[in-house]
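*Asks:* The structure is given below, and queries will be raised subsequently.
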There are 2 protein chains.
Amino acid sequence: MSLGRIIIDDVRPCAPRGYPAKAVVGEAVRVSADIFKDGHDILAARVRWAPAPVPAAAGDRKWHTATMVELVNDRWEAVIEPAALGRHELVVEAWADAYATWRHKVTTKLAAAQDISVELEEGARLLEARAATAGREDKAFLRKLAKAMRNERDQPSERLAPAISERVADLLAGPDGDDDLTASAPVPLWVDRERALVGAWYELFPRSYGGLAGTAARLPAIAEMGFDVVYLPPIHPIGRTYRKGPNNTTGAGPNDPGSPWAIGGPEGGHTAIHPELGTYADFDALVQKADSLGMEMALDYALQCSPDHPWVTEHPEWFHHRPDGSIAYAENPPKKYQDIYPINFWPEEEADRQALWDACRDIIDFWIGHGVRIFRVDNPHTKPFAFWEWLIPGVQEQHADVLFLAEAFTRPKVMAKLAEVGFTQSYTYFTWRTQSLELREYLEELAHGPLADYMRPNFWPNTPDILSGPLRNGPPAAFKQRLVLAATMSPSYGIYSGYELCENAPASETNEEYDRSEKYEIKERDWDDPGSLAPFVAAVNDIRRRHPALHRLRSIHFHASANPSLIAYSKHTDDRSDVVLTVVNLDPWVVQETTLDLDLGLLGLPWDSPYDAYDELGGQAYRWTGSHPYVRLEPDQAAHILHLRRIR
Amino acid sequence: MSLGRIIIDDVRPCAPRGYPAKAVVGEAVRVSADIFKDGHDILAARVRWAPAPVPAAAGDRKWHTATMVELVNDRWEAVIEPAALGRHELVVEAWADAYATWRHKVTTKLAAAQDISVELEEGARLLEARAATAGREDKAFLRKLAKAMRNERDQPSERLAPAISERVADLLAGPDGDDDLTASAPVPLWVDRERALVGAWYELFPRSYGGLAGTAARLPAIAEMGFDVVYLPPIHPIGRTYRKGPNNTTGAGPNDPGSPWAIGGPEGGHTAIHPELGTYADFDALVQKADSLGMEMALDYALQCSPDHPWVTEHPEWFHHRPDGSIAYAENPPKKYQDIYPINFWPEEEADRQALWDACRDIIDFWIGHGVRIFRVDNPHTKPFAFWEWLIPGVQEQHADVLFLAEAFTRPKVMAKLAEVGFTQSYTYFTWRTQSLELREYLEELAHGPLADYMRPNFWPNTPDILSGPLRNGPPAAFKQRLVLAATMSPSYGIYSGYELCENAPASETNEEYDRSEKYEIKERDWDDPGSLAPFVAAVNDIRRRHPALHRLRSIHFHASANPSLIAYSKHTDDRSDVVLTVVNLDPWVVQETTLDLDLGLLGLPWDSPYDAYDELGGQAYRWTGSHPYVRLEPDQAAHILHLRRIR
């Protein structure tokens, strides 16, 4: 037999197939499990957790413990708060609580006026057994009690009373040694720093800012908008061969800069910096400047090569070859991407494979050496899962603070698998979810389904590749709407620069790309445009920062709205000290109004007296009563972000 | 790295935690998996299955293979039909289909008028590589084709045409050797005989029939009602100590027979037969008689002892002892069951535990020796899961045709766990599901949720312990209704005798037991009562037997009914050669009518022309058109069981 005396099943959080679930330092993590046993014993359970063992130092691990409580349907739960970075292990332990079982039996019998003399003797033995291992004072106390329970001059109820006190319950809590315990297999939990879960990202092409130095000069304005992470597309030399011209045309002119994703030229590959962008010193200065502004730089990790990348000549075995001896460029027939050679992650020779994978790892280590701790990974779904499964834990074993965002714009199971094998965060389908029902369904899946244990969403209203939904030829109201949705639905979100200027021209009616995409040319922008949404963005990011409720995903709850153009959802801290209700007008053209149907119980608000609703975005204070407030949003107003509070 | 080049996840059918899923011989088992890979290769997949390896004979296993096809969302499926009893293993294998990928690329390029000369060479090499391992004729054919592809005098399209024929596709199907394969871990599947899934059960107390010989005499009448299994509560000697009297009273009179579940007396324990019931010879004759009528006998397996059981004196270490030296009787305070000693499945000494468990196994083997192949297990949830996990596979390893029905009237996760660790079938909550919505929700869970892979329901409208819902003081219409529901919803169902006489008197308004329960006294019944539902039962069982659609659970589909008192659901065979629509009046007092909303597409019926609906129960033929037939059911009519057919 393989089963213990107690069943402990389905411990959560967990990722499928034994990969670690994810949490961040200081996060309140709900650990739960199905715990049950045959028969009628009263059970007790706890979760123990510790950083994963350092080889040969297992004995030194400091285990923390939390008592689990029974919810419903044999589900038990405890809340733990990991304090250290890196891999942890959780072990759920359960035991039959002999004292609680005895106490239930004896009090029930006493209430039914049944004889309890044998039970009193049983109880005395329980107390004595625990006394054997108790401290001096407790030992004397328990032995005295046991003696009193056997004192036949007293009434049974008198003999029993002191033995069912809370002090005795405390002393007899816990299992009688390890023999009585059933323990789950250890469940791995990876603990990241807070930024893995919460952050506002801003993407920009440094060449449009005059290179790395120009980007550094722009950082204060970005910090003022309240961003936490500044992400740069590849900053490496760009190939000349088959370089793309404006609007993704073939045959670039001599002054066309080419796509930054066509990585590598005579000047170097993934560890080089494009000479026109600056030097390593410029880069280091940029990282330092970001740090001084409370931000950090994220780099693109795009594993592909232009035909001019040094690897192409140095390591032809790392590429696919065609029968005519040429290297295969990227294709998705009939489309051709002649400016890019995909990497062959499975060269014939195992030594070549290892050398290639090590070289890919070296890129990461190189930029870590230059202060980078966040990598946005380009098209991870076109590289083997086995590669990511090897790379990410390997890097994080050395640098537990390094984060990986998967640009996993791919099928649902592929997206989930990348998160499963180790990615810190993932791009999502948010970009294409625009209607109330589909937003709600998607958030339910992300926040409340199995994915919630290991896939952290990062919501992007736009990217350099994607101008979609109401943003296409859309008014500023559309840009406000999508920003508020991303920023308040997901703890991590980001925009690609130009968003605040409401750049809205698509490449064509059927093409999701931007017209005159910055991927192929340098863009100049007027940041002082009076129509800039920068103040709006700054306001939203400021609200995010001040409201801990918005730093978490799982508490999101949708409240019914009679008008599908108005979507309403709340987030709250566990103790309801912070409750935020966001109402967004999904129609960027027309004023919309409705009455909501709020779940006041969930929000910890009174149903029979007024409460405050302060719109942090618009600055209006409302006093609401009951669960059906009326809301009205002009399109340009876009949203209420309401701080709900009991009246003090 | 641990991952293969292709991801194969979530292979179904499966039970949780590696226990075998369940099927029966001849069942069409849908094997499915998530299968995907990075990049754009076209994949192929198959499932291989074989009986589990006999130790030291693994090389001899005969593997069957079925090609999997892609459904949606990266889910692949094949249907297999196991032909042998016992443990099997399934392995899902997937590979990148180089030929299909090439064919897609080259035909797409050709259609876009792109150059394919390099692709033709690639194709030639593919053909030559396969030719190397092909038979003589195919080898020549493939080599000739490869040569033609390189014939530069012909147009590319001419050179390509023969290489994209179906014959070539067939020849190039399958992986290029094991190196290119990714295989799932083996998934266990336990294959039972048909009776594990399909059967009509009849429970009776032989002492009310004049013992085993009298029961044998009654078998023809039971066979005439169409039952497959006759299940007997314990037939062993009954204890005298604290024997229960009528209506579960304490202090039985000298002539009170006691509860058959208070097992054991001076005459013997679990392997003895109560002297008043008969002899081993009588029992063997009963088994043989049942067999001759196409039925089989099932025995109760109730692991508990009366105070007079031989084990109590021979093996006191197998019981719980109290501080006063007495053996603990069963209690659920304040309730006491002094006539029963529960067994302590975890004696202190490991040798005692092993001896006890072996003795429990010996009981099974003893009755197997007397021709019993079905055991109905009493209160399995009060015995350790570890015991069942050891017992059931151990018995079935020797006797793959032995079936275990769990009387798991307990909490949902406990019920599921018992199925998980090995029980063939389980009692369910059907007994308490009486409303349309709750029946529908429950069937969805049983037939379409994860449980469907390993927990087979057995629906009982009544048991000797339970008279519930509309049966309590209910009219014959209630008995018809619940019988039809059980018999048509679940492939396995059963009734406790007396049901056909509409015995409906509860022990009290709040007590779910029967008044004057047969558990404590001998019942005499008038089987010739003109109101007997025996003909109705026979008709229902006859319909079950003639309709293969009713032999399976998973195809059940509920169709909307505008009247919640009428519930409508269909079952169909995979090929729609048998389609049965059942409509039940849940109101035993009032005539009900409604229009249904049938999903004709699912049922394979025309939406634009008439089809036949023959009520097998009432004998009426209808001709319906469209998806909204009108139905009307008198309470005493109870149900339509409609055979739906296209008009030939």
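*Asks:* Output yes when any residue across the range A:600-616 is under 24 Å from A:Ser532 (Cα atoms), out of contact with any Gly (no Cβ under 6 Å at 6 or more places or on another chain) and of a type outside the set (Phe, Trp, Tyr), and no when none is. Break it down stepwise before answering.
*Replies:* Let us first name the residues in the range A:600-616 that are under 24 Å from A:Ser532 (Cα atoms), namely A:615-616.
Remaining after also requiring out of contact with any Gly (no Cβ under 6 Å at 6 or more places or on another chain): A:615-616.
Checking which are of a type outside the set (Phe, Trp, Tyr) leaves us with A:615-616.
Looking through the range A:600-616, at least one residue is under 24 Å from A:Ser532 (Cα atoms), out of contact with any Gly (no Cβ under 6 Å at 6 or more places or on another chain) and of a type outside the set (Phe, Trp, Tyr).
*Asks:* Something else about it: Give all pairs with beta carbons closer than 8 Å in which a residue from the range A:308-334 that is open to solvent by 40 Å² or more (accessible area, probe 1.4 Å) meets a residue that is assigned to a strand (DSSP E or B) and at pLDDT below 90; count only pairs at least 6 apart in sequence or on separate chains.
*Replies:* Within 8 Å, the pairs are A:Tyr329/A:Lys336; A:Tyr329/A:Tyr337; A:Glu331/A:Tyr337.
A quick yes/no check of all residues on (1) under 15 Å from A:Ala221 (Cβ atoms); (2) within 17 Å of the chain's Cα centre (by Cα); (3) outside the structural domain of A:Asn504 (by TED's automatic domain parsing):
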{"position": "A:Ile522", "(1), (2), (3)": "no, no, no"}
{"position": "A:Asp526", "(1), (2), (3)": "yes, no, no"}
{"position": "A:Gly531", "(1), (2), (3)": "no, no, no"}
{"position": "A:Pro535", "(1), (2), (3)": "yes, no, no"}
{"position": "A:Pro564", "(1), (2), (3)": "no, no, yes"}
{"position": "A:Asp575", "(1), (2), (3)": "no, no, yes"}
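*Asks:* If you check A:Gly294, A:Gly278, A:Gly251, which single one turns out to be out of contact with any strand residue (DSSP E or B) (no Cβ under 9 Å at 6 or more places or on another chain), of a type in the set (Gly, Ala, Ser), in the same structural domain as A:Arg376 (by TED's automatic domain parsing) and open to solvent by 20 Å² or more (accessible area, probe 1.4 Å)?
*Replies:* So the residue among A:Gly294, A:Gly278, A:Gly251 that is out of contact with any strand residue (DSSP E or B) (no Cβ under 9 Å at 6 or more places or on another chain), of a type in the set (Gly, Ala, Ser), in the same structural domain as A:Arg376 (by TED's automatic domain parsing) and open to solvent by 20 Å² or more (accessible area, probe 1.4 Å) is A:Gly294.
*Asks:* Restricting attention to the range B:23-38, which residues are open to solvent by less than 20 Å² (accessible area, probe 1.4 Å) and more than 10 Å from chain A (Cβ to nearest Cβ)?
*Replies:* Narrowing the range B:23-38 to residues open to solvent by less than 20 Å² (accessible area, probe 1.4 Å): B:23-24, B:27, B:29, B:31-36, B:38.
Correct list: B:Ala23, B:Val24, B:Glu27, B:Val29, B:Val31, B:Ser32, B:Ala33.
*Asks:* So which of A:Ala221, A:Ala213, A:Ala217 is hydrophobic (A, V, I, L, M, F, W, C), in contact (Cβ under 8 Å) with a residue 24 or more places away in the chain and within 18 Å of A:Asp284 (Cβ to Cβ)?
*Replies:* Testing whether each residue is hydrophobic (A, V, I, L, M, F, W, C), in contact (Cβ under 8 Å) with a residue 24 or more places away in the chain and within 18 Å of A:Asp284 (Cβ to Cβ) leaves just A:Ala213.
*Asks:* What number of residues within the range A:362-380 satisfy the criterion of being open to solvent by 30 Å² or more (accessible area, probe 1.4 Å) and under 16 Å from A:Phe423 (Cα atoms)?
*Replies:* Residues of the range A:362-380 open to solvent by 30 Å² or more (accessible area, probe 1.4 Å): A:362, A:365-366, A:369-371, A:373, A:379.
Filter once more, so that each one left must be under 16 Å from A:Phe423 (Cα atoms): A:373, A:379.
Adding up the residues that qualify gives 2.
*Asks:* Which of the helices (runs of 4 or more DSSP H) contained wholly in the range B:85-191 include at least 2 residues that are acidic (Asp, Glu) and surrounded by fewer than 21 Cβ atoms within 10 Å (Cβ to Cβ)?
*Replies:* Output list reads B:117-131, B:136-149, B:166-171.
*Asks:* Do we have B:Glu445 as within 14 Å of another protein chain (Cβ to nearest Cβ) and either open to solvent by 10 Å² or more (accessible area, probe 1.4 Å) or at negative phi (or both) here? Break it down into steps so the answer makes sense when it comes.
*Replies:* Values: within 14 Å of another protein chain (Cβ to nearest Cβ): yes; either open to solvent by 10 Å² or more (accessible area, probe 1.4 Å) or at negative phi (or both): yes.
So B:Glu445 passes the test.
*Asks:* Test of understanding: among A:Val579, A:Val584, which residue is over 25 Å from A:Gly26 (Cα atoms) and not polar (S, T, N, Q)?
*Replies:* A:Val584
*Asks:* When the range A:110-143 is examined, which residues are found to be farther than 17 Å from A:Tyr99 by Cβ, away from chain B (no Cβ under 12 Å) and of a type in the set (D, E, K, R)?
*Replies:* Applying the first criterion (farther than 17 Å from A:Tyr99 by Cβ) to the range A:110-143 yields A:111-115, A:117, A:135-137, A:140.
From the residues that got through so far, the ones that are away from chain B (no Cβ under 12 Å) too are A:135-137, A:140.
Scanning the range A:110-143 gives A:Arg136, A:Glu137.
*Asks:* Considering only residues that are within 28 Å of B:Pro82 (Cα to Cα) and open to solvent by 30 Å² or more (accessible area, probe 1.4 Å), which ones fall in the range B:5-15?
*Replies:* Restricting attention to the range B:5-15, the residues satisfying the condition of being within 28 Å of B:Pro82 (Cα to Cα) are B:6-15.
Matches in the range B:5-15: B:Asp10, B:Arg12, B:Cys14.
*Asks:* Quickly run through the range B:365-394 and pick out the residues that are more than 14 Å from every other protein chain (Cβ to nearest Cβ) and assigned to a helix (DSSP H, G or I).
*Replies:* Keep residues of the range B:365-394 that are more than 14 Å from every other protein chain (Cβ to nearest Cβ), which gives B:365-376.
The answer is B:Asp365, B:Phe366, B:Trp367, B:Ile368, B:Gly369.
*Asks:* A follow-up question, please. Filter the strands (runs of 3 or more DSSP E) completely within the range A:230-339 down to those with at least 2 residues that are away from chain B (no Cβ under 14 Å) and within 25 Å of A:Thr382 (Cβ to Cβ).
*Replies:* Values: elements: A:296-301, A:330-332, A:335-337.
Result: A:296-301.
*Asks:* Condition check: modelled with pLDDT of 95 or more, touching a helix residue (DSSP H, G or I) at 6+ places or on another chain (Cβ under 8 Å) and open to solvent by 60 Å² or more (accessible area, probe 1.4 Å). Does B:Arg554 satisfy that?
*Replies:* Details: modelled with pLDDT of 95 or more: yes; touching a helix residue (DSSP H, G or I) at 6+ places or on another chain (Cβ under 8 Å): yes; open to solvent by 60 Å² or more (accessible area, probe 1.4 Å): yes.
Yes, satisfied.
*Asks:* What is the one condition in (1) in contact with a Ser or Thr (Cβ under 7 Å, 6 or more places away or on another chain); (2) under 20 Å from B:Asn541 (Cβ atoms); (3) of a type in the set (Ser, Thr, Tyr) that B:Tyr614 does not satisfy?
*Replies:* Going through (1) in contact with a Ser or Thr (Cβ under 7 Å, 6 or more places away or on another chain); (2) under 20 Å from B:Asn541 (Cβ atoms); (3) of a type in the set (Ser, Thr, Tyr) one by one, B:Tyr614 breaks only (1).
*Asks:* State all residues of the range A:524-550 that are crowded, with 20+ Cβ neighbours inside 10 Å and either without any contact (Cβ under 8 Å) to a residue 60 or more places away in the chain or not aliphatic (A, V, I, L, M) (or both); if no residue qualifies, say none.
*Replies:* Within the range A:524-550, A:Leu533, A:Asn541, A:Arg544, A:Ala549 qualify.
*Asks:* Can you go through A:Glu445, A:Glu420, A:Glu441, A:Glu389 and tell me which one is in contact with a helix residue (DSSP H, G or I) (Cβ under 7 Å, 6 or more places away or on another chain), without any contact (Cβ under 8 Å) to a residue 24 or more places away in the chain and outside the structural domain of A:Ile567 (by TED's automatic domain parsing)?
*Replies:* Going through A:Glu445, A:Glu420, A:Glu441, A:Glu389 in turn, just one is in contact with a helix residue (DSSP H, G or I) (Cβ under 7 Å, 6 or more places away or on another chain), without any contact (Cβ under 8 Å) to a residue 24 or more places away in the chain and outside the structural domain of A:Ile567 (by TED's automatic domain parsing): A:Glu445.
*Asks:* Report, by residue number, each residue of the range A:155-169 that is hydrophobic (A, V, I, L, M, F, W, C) and either free of Cβ contacts under 8 Å to residues at least 12 places away in the same chain or in contact with a strand residue (DSSP E or B) (Cβ under 8 Å, 6 or more places away or on another chain) (or both). Break it down stepwise before answering.
*Replies:* Narrowing the range A:155-169 to residues hydrophobic (A, V, I, L, M, F, W, C): A:160-161, A:163-164, A:168-169.
Scanning the range A:155-169 gives a single hit, A:Ala161.
*Asks:* Can you confirm whether the range B:227-242 contains a residue that is hydroxyl-bearing (Ser, Thr, Tyr), in the same structural domain as B:Ser306 (by TED's automatic domain parsing) and at positive phi?
*Replies:* Scanning the range B:227-242 turns up at least one residue that is hydroxyl-bearing (Ser, Thr, Tyr), in the same structural domain as B:Ser306 (by TED's automatic domain parsing) and at positive phi.
*Asks:* Further question: Restrict the check to the range B:68-88 and report whether at least one residue is among the acidic types (Asp, Glu) and away from chain A (no Cβ under 13 Å).
*Replies:* yes
*Asks:* When you go through B:Arg645, B:Arg576 one by one, which is the residue that is at pLDDT 95 or above and part of a loop (DSSP other than H, G, I, E, B)?
*Replies:* Among B:Arg645, B:Arg576, only B:Arg576 is at pLDDT 95 or above and part of a loop (DSSP other than H, G, I, E, B).
*Asks:* Identify the single condition in (1) over 27 Å from B:Pro206 (Cα atoms); (2) in contact with a helix residue (DSSP H, G or I) (Cβ under 7 Å, 6 or more places away or on another chain) that B:Phe536 does not satisfy, given that it satisfies every other one.
*Replies:* It is condition (1) that B:Phe536 fails.
*Asks:* How many of the residues in the range B:600-626 are closer than 28 Å to B:Ala477 by Cα and in a loop (DSSP other than H, G, I, E, B)?
*Replies:* Selection size over the range B:600-626: 5.
*Asks:* Looking only at the range B:395-427, count every residue that is assigned to a loop (DSSP other than H, G, I, E, B), open to solvent by less than 10 Å² (accessible area, probe 1.4 Å) and away from chain A (no Cβ under 14 Å) and tell me the total.
*Replies:* Residues flagged as assigned to a loop (DSSP other than H, G, I, E, B), open to solvent by less than 10 Å² (accessible area, probe 1.4 Å) and away from chain A (no Cβ under 14 Å) within the range B:395-427 amount to 2.
*Asks:* If you check B:Ser492 against the conditions, is it crowded, with 17+ Cβ neighbours inside 10 Å, in the same structural domain as B:Phe227 (by TED's automatic domain parsing) and of a type in the set (Ser, Thr, Tyr)?
*Replies:* Yes, satisfied.
The values are calculated or read from the model by the stated rules, or taken from the named source; none is laboratory data. Since this is a predicted model, take the numbers as computed values, not measurements. When we count neighbours, we look across all protein chains shown, and the Cβ atoms used for this are built from the backbone with ideal geometry, even at glycine. Quick note on the areas: whole protein, heavy atoms, side chains included, nothing else; ligands and nucleic acids left out. Shrake-Rupley method; radii C 1.70, N 1.55, O 1.52, S 1.80 Å.
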